[in-house]
1. Working carefully through the options 418, 404, find the one that is in contact with a strand residue (DSSP E or B) (Cβ under 9 Å, 6 or more places away or on another chain), among the acidic types (Asp, Glu) and under 29 Å from residue 94 (Cβ atoms).
2. Identify all residues within region 314-325 that are in contact with a Lys or Arg (Cβ under 8 Å, 6 or more places away or on another chain) and closer than 23 Å to residue 290 by Cα; write none if there are none.
3. I'd like the residue in region 445-475 that is assigned to a helix (DSSP H, G or I) and more than 24 Å from the chain's Cα centre (by Cα) and, out of all such residues, is farthest from residue 293 (Cα to Cα).
4. Within the group 371, 334, which residue is open to solvent by 10 Å² or more (accessible area, probe 1.4 Å) and within 21 Å of residue 467 (Cα to Cα)?
5. Residues of region 35-49 being more than 19 Å from the chain's Cα centre (by Cα) and either open to solvent by less than 10 Å² (accessible area, probe 1.4 Å) or within 24 Å of residue 271 (Cβ to Cβ) (or both), which ones?
6. Mind listing just one residue for me: the one in region 482-510 that is in contact (Cβ under 8 Å) with a residue 24 or more places away in the chain and charged (D, E, K, R) and, of those, surrounded by the fewest Cβ atoms within 10 Å (Cβ to Cβ)?
7. Looking only at residues in region 192-215 that are without any contact (Cβ under 8 Å) to a residue 60 or more places away in the chain and crowded, with 21+ Cβ neighbours inside 10 Å, which one is farthest from residue 164 (Cα to Cα)?
8. Pairs, please: C-beta under 7 Å, at least 6 apart or cross-chain, first residue over 20 Å from residue 436 (Cα atoms) and in region 511-539, second acidic (Asp, Glu) and assigned to a strand (DSSP E or B)?
Amino acid sequence: MKSSLFLPFITAVGLSALAAEEPMSDPAKPAIPAVVESIRSETVRSVEGGRPLPLLGTWNTGTFHHTWPNRPRGSDPRWQLEQIEKGVRFLPTFALPEYNFDGKRYADYLFPPFEKVSAYGLPFVLLSTQWERLLTALDEYRDLPPEQNPNVVTPEGEILDRVDPFGPTQLWYEVGRRWTDHAAMARLQEIYPDPPKIIFLSNNEHTKLSWHEVEKSRRYLDKYGPGRPDAFKRKVVGDAWIEKYRELQRGLRDGLTSPAWKEKAIFIGYGGDVGMEALGRWGGWTKYSLHTPGRVSLAPYMWDGVSPSYYMHNWSSVSDYQVHSNQIEAMNGVFALEEAYKINPDFWYELSLWDGDSPNKKTNSKAKLTVFREAGQVYDMERYRGWLQYGMWLMRPRVMRLYENWITPIEEFSHKFENIHAIVEPIHRNATLAAYWRKGELVLNPAARHPYQEGLPNDIAIQPRWFLLDTSVMPERPWKLETEIPVFSLALRLGEAPNRSWLLYAHAPLRAYDDITITIPDWKEVKVNVPREGAFYEIRESDDSIHLISTSISL
């Protein structure tokens with residue numbers, strides 16, 4: 001299903017309930033959509049009071065460059081505000097003005113919708129490329145002499161196109177400041193001097209020196225010499241990156257002029273390695289990790305938050321119905337995220353979403369949907385919702401952020417927003433779902449262990465990582481990565497015995513199942529129906545009851 005009009009189904013749940021407006025005290029200002037207070041309060045909420053309820057977000061902020069001909073409309077800020085005015089809990093996301101653009105070039109794309117965001121008092125996101133890219137892309141940095149160059153300088157004196165964690169730190173501050181100390185950013189702060197929260201989001205994919213290649217750096221060798229153990233390399237490289245990225249962010253903050261912006265700004269990165277999905281899946285995962293004893297992830301030390309991918313990559317065999325699936329990969333993130341919250345209770349965690357719906361020319365890979373359909377499977381929005389809901393309830397992110405290419409027209413993906421809205425909105429309107437989201441404890445399945453066990457250090461091997469519940473259709477072990485999992489289920493628990501209750505979620509990607517048995521650890525087996533799009537059941541210990549929770553929103 002594709003539609004150029006977002007949320008035609010709102011009338012099925014009551015348009016007045018979603019889009020009611022509250023008049024502002026100043027009659028000259030626009031009326032405030034009813035969902036604005038919810039967006040604002042959930043954005044500024046700390047996890048210490050219970051997990052904030054989820055919002056919608058986007059990576060596609062529309063084409064804004066003044067030289068782009070016949071610009072197709074993506075999910076640009078105007079479109080996002082239209083959805084908010086219809087009652088959608090959307091966290092507005094703008095393209096961060098580039099450091100070398102003056103304010104006039106953003107007059108049409110940026111400033112008018114930003115004025116409305118200001119009038120509504122909304123928090124917002126400024127999304128951009130990786131800020132440190134300038135250290136490699138600009139000749140003024142790339143051509144610096146070796147002793148001053150921020151990029152990798154080899155023992156032979158060659159300068160590589162990747163940043164070096166052991167390079168000069170002051171240039172990271174300088175580059176950070178360039179992104180915020182210019183006319184367009186000054187104008188945004190004039191328009192909206194006192195926002196409740198500003199999230200600066202980096203694409204965070206610039207090429208960096210990997211820890212296992214660190215002896216390519218003359219600076220590293222001069223400081224530490226060759227032949228150090230892997231654990232040592234990971235530790236010193238991780239420490240250096242923490243210093244560099246915090247200095248980059250300090251520059252971004254210092255380039256701001258508004259005291260409120262300086263105070264309310266946080267800096268988050270795509271990926272960010274919280275619960276790296278490859279952890280334990282194959283022996284080579286350690287080359288992509290900077291874990292050290294007592295520090296599984298750099299993220300809470302290096303960023304104020306992260307937006308890791310929940311992606312069915314088109315170049316990978318990852319799926320939504322096998323052991324090599326996003327659902328099982330994401331379980332690696334649970335303990336790492338809990339560690340991050342202990343370090344920073346305000347740590348910002350969201351999920352970036354993509355179902356691999358386009359081919360990859362570089363790897364000659366087919367779109368994931370084509371792969372499924374060629375295997376004789378049905379791939380539709382019911383299956384899409386089931387897959388998304390599992391990751392969403394497993395990790396309970398602040399934002400479900402949809403990825404689409406920046407030049408993709410909104411007509412080609414608005415249907416995905418409709419379906420993300422259909423799984424997010426019930427959490428806000430159903431008190432039972434909201435209670436489990438905020439305070440529920442994810443139930444560990446002690447009957448088995450996570451199937452990804454390759455090369456795990458002791459401190460990670462003992463961590464709780466297995467939350468898939470046993471079912472009557474569970475395949476026999478041992479499993480391979482291509483083993484099919486007919487039903488994915490999980491549970492969250494509230495209360496203490498004998499008054500415990502559980503929220504059970506289950507979905508069946510390939511076909512629906514009736515009357516299957518699911519085992520609730522430390523309780524008992526229950527029989528339920530499991531549709532492809534997923535279903536929620538509340539199970540109460542006090543009266544041994546099972547209740548289906550309706551989450552339907554007509555599409």
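1. 404
2. Selection gives 324 alone.
3. To start, the set of residues in region 445-475 that are assigned to a helix (DSSP H, G or I) comprises 458-461.
Add one more test, that the residue is more than 24 Å from the chain's Cα centre (by Cα), and what stays is 458-459, 461.
On the way: 458: 9, 459: 7, 461: 12 Å.
By that ranking, first place goes to 461.
4. Working: 371 fails: within 21 Å of residue 467 (Cα to Cα).
Matching residue, one of 371, 334: 334.
5. Within region 35-49, 35, 36 meet the criteria.
6. My answer is 482.
7. Among those that are without any contact (Cβ under 8 Å) to a residue 60 or more places away in the chain and crowded, with 21+ Cβ neighbours inside 10 Å, it is 214.
8. Cβ pairs passing all conditions: 517/525; 527/515; 529/514; 529/515.
The values are calculated or read from the model by the stated rules, or taken from the named source; none is laboratory data. In this text the structure is predicted, and so the values were computed from the model without any measurement. Every residue, glycine among them, receives a Cβ derived from its backbone with ideal geometry; neighbour counts consider all protein chains shown. Surface areas here come from the heavy atoms of the whole protein model, side chains and all, with no ligands, DNA or RNA. Shrake-Rupley method; radii C 1.70, N 1.55, O 1.52, S 1.80 Å.
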